[in-house]
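No lab work stands behind these numbers, since they all come straight from the coordinates. Fair warning: this is a prediction, and the values are worked out from it, not measured in the lab. Reconstructed Cβ throughout: ideal geometry from the backbone, glycine too, with neighbour counts over all protein chains shown.
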Amino acid sequence: MKHNPLLRCSRALCICAVPFAAFVAVSATAANISWNGAADAVWSTGGNWVGGLAPVATDVAVFNAGSNANLTTALGADFSIQGLRITTPGGLITIGAGNLLTLGAGGIDMSAASQNLLLNALLTLAGNQSWNVGSGRTLMANGVIAGTNVNLNKIGSGVLTLAGANTFTGTTTI
């Protein structure tokens, strides 16, 4: 049987492309983008985020020790993030009503939170969720939570209150 040299080259390209594709997939992981509130209280204002750019759908929005200004926030537009993490901000974090926040599979992490979270925005769950609410902390979700066939799993010993007329479907474990 005669071998086709182009086929051999194609196999070599595939062998080289597979590790490259794996590298690209790993490199596309979520970045942690921290709030500083330096400009105003609006999420879509780049100057409110360390690095000058607001988080995108593949990023985790973080409120930490550098988050001391404009903690009662507004999205300013519909917004998508991979996840939300609250650690040690200067006070209660409030995400105001008026726009839609789409939350990816990164969920909400308040496992090391020193402050509470008041979520008044409309929320769409874009993947299965784990919401970790640490001891002595409260996550109050007043806005409507939507999503199709998504599971919401609350972990941690803190308090989670779902106060909206929620429309998401799936399993809720509290």
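Structure values in brief
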quantity	calculated
Residues of the stretch 156-170 with amide N under 13 Å of a point placed 7 Å along Cα→Cβ from SER111	156-157
Average Cα contact separation per residue, the stretch 55-106, under 8 Å, 6 or more apart, as relative contact order %	45 percent
Longest to shortest principal axis, alpha-carbon extents of the stretch 99-174, angstrom	30, 22, 18
Amide hydrogen neighbours beyond the local backbone of THR172, cut-off 5 Å, H modeled	LEU152
